[in-house]
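Chemist: Take a look at the following structure, please.
The values are calculated or read from the model by the stated rules, or taken from the named source; none is laboratory data. The model shown is predicted, which means the values in this text are computed figures rather than measured ones. Here the Cβ positions follow ideal geometry from the backbone for every residue, glycine too, while neighbour counts run over all protein chains shown. Just so you know, the surface numbers come from the protein's heavy atoms only, side chains and all, with ligands and any DNA or RNA stripped out. Shrake-Rupley method; radii C 1.70, N 1.55, O 1.52, S 1.80 Å.
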Amino acid sequence: MAPAQPAAAPESGYAEGFRDGVFTGGEALVAQHIPPDHILPAVAAADLIEAGFRQYAPTLTRLASPHEMAVHIQGALDAQRPLSVVRLGDGELLTLAADTVLPGEQVQELAPFLPYAGVPRSTPDIRAELAEAIRGADWIGVPISRAPTFQGLLFPVLRHFGIDWSRLNLTSSTINYSLHHSGLLLPVVQGRRVLLIGSQAAELGALLNGHGVQVTGIIGTVEGVADIPRVMQQTAEHSFDIALVAAGIPAVILCRRIAGELGRVAIDFGHLADKLVTGELHL
């Protein structure tokens, strides 16, 4: 008699959920388009996606690369021309989506971090100010991720606010990190008067000074969107060429206003400030 075979290990909940999710998002969607009493032999969902992608490939939109963005930023600095670079992540998009393309209660469930990011509660005034900043910014970083709270919200939100994405100058929402990883951050700011805004401004200033960067001003923690008028007033009192703003969602509005009202270059610096200060990333 052949020896008994060991029982197969039970499938983990994660593996089972992953398998079911792949099926639901692939073959199950294909099945909805197959007429009754028919099958589509030997054609996988991946094959259909590949064939469909070839059809839509001509509509691909290219985002400005880190090297191109560095050229734009340095060109504006050399010409003493205003320039704003803002970035849209899930925080900004969920703020705009609240009570517009998504119910406000759903946004609260999806984004309990919004108060930490500077928006205690998404209101019509905040949404209008944020949308206007996006509309007026020189460069907008958009998410590459097609996840539901990233690109899944990006285009519905822009459409709701009447913003034609095809008229925007687009780069990646992680352009701050890309500039750093490409070795372009220090060359952009060296030889310039730099203003730092955000909770890590003092620590980041010391770090930049150690690399020969002239930090001429520091503005500490930005207490949400309600604090923007104070920050703008203090910003106007400093002499600087470029502002690096790490202030959560208010950074989008601040960068646009610094460029538009003060005629300077302003970059939405984001959590790159934290990672440099903690040593997770190095200049």
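Chemist: List the residues of the stretch 253-279 whose backbone N lies under 17 Å from a point placed 7 Å from the Cα of Q80 along the Cα-to-Cβ direction.
Modeler: Within reach of a label on Q80: 259-266.
Chemist: Please tell me the relative contact order of the stretch 125-207 in percent, rounded to the nearest whole number, where contacts are Cα pairs under 8 Å and at least six residues apart.
Modeler: Once divided by the residue count of the stretch 125-207, the mean separation gives 27 percent.
Chemist: Cut-off 10 angstrom, C-alpha nodes, Gaussian network model of the chain. Which of I39, I73, I242 fluctuates the most?
Modeler: In this elastic network of the chain, the residue with the biggest mean-square fluctuation among I39, I73, I242 is I39.
Chemist: Report the net charge of residues surrounding H238, where surrounding means a beta-carbon distance below 11 angstrom and charges are Lys +1, Arg +1, Asp -1, Glu -1.
Modeler: 0
Chemist: What full-extension length gain, to one decimal in nm, is calculated for I39 and R135 as 0.36 nm per residue of separation minus the Cα-Cα distance? Don't skip to the end; give the middle numbers.
Modeler: On the way: separation 96, 0.36 × 96 = 34.56 nm, distance 4.78 nm.
So the chain would gain 29.8 nm between I39 and R135.
Chemist: How much length would be gained if the chain were fully extended between A128 and Y116, taking 0.36 nm per residue of separation minus their Cα-Cα distance, in nm to one decimal?
Modeler: Full extension of this stretch gives 2.3 nm more.
Chemist: Calculate, for N169 and D47, the FRET efficiency according to 1/(1 + (r/R0)^6) with r their C-beta to C-beta distance and R0 41 Å; round to the nearest 0.05.
Modeler: Once rounded, the FRET efficiency stands at 0.70.
Chemist: Relative contact order of the chain: what whole-number percent is it, with Cα pairs under 8 angstrom and at least 6 residues apart?
Modeler: Here the relative contact order equals 21 percent.
Chemist: Another question about this same structure. First check a/c for the stretch 183-257, with a ≥ b ≥ c the square roots of the eigenvalues of its C-alpha gyration tensor; if it is under 1.5, answer rounded, and if not, answer prolate when a/b is larger than b/c or oblate otherwise.
Modeler: prolate
Chemist: Divide, for the stretch 83-153, the radius of gyration over alpha carbons by 2.2 N^0.38 Å, where N is the residue count.
Modeler: Normalised Rg, Cα atoms only: 1.06.
Chemist: Whose amide H sits under 5 Å from the amide H of L83, counting only residues 5 or more places off or on another chain, with H placed in the peptide plane?
Modeler: For L83, the qualifying residues are R264, V265, A266.
Chemist: Mind listing the phi-derived Karplus ³J(HN,Hα) values for the stretch 170-175, rounded to whole Hz, using 6.51, -1.76 and 1.60 with θ = phi - 60°, and x for any glycine or proline?
Modeler: In residue order, the calculated couplings are 10, 9, 7, 5, 9, 4 Hz.
Chemist: Rolling a 1.4 Å sphere over the protein heavy atoms, what is the accessible area per residue of the stretch 55-127, to the nearest Å²?
Modeler: Dividing the accessible area of the stretch 55-127 by its residue count gives 55 Å².
Chemist: If I compute solvent accessible area with a 1.4 Å probe over the protein chains, what percent of it on the chain is carbon and sulfur? Could you put the intermediate results ahead of the total?
Modeler: On the way: 8670 of 15390 Å².
It is 56 percent, rounded to a whole number.
Chemist: Additional query: Using only the alpha-carbon atoms of the chain, report the extent along each of the three principal axes, biggest first, to the nearest angstrom.
Modeler: Extents along the principal axes, in whole Å: 84, 50, 38.
Chemist: Grab the alpha carbons of the stretch 218-283, take their convex hull, and tell me the volume per residue in Å³.
Modeler: Per-residue hull volume (Cα only) is 85 Å³.
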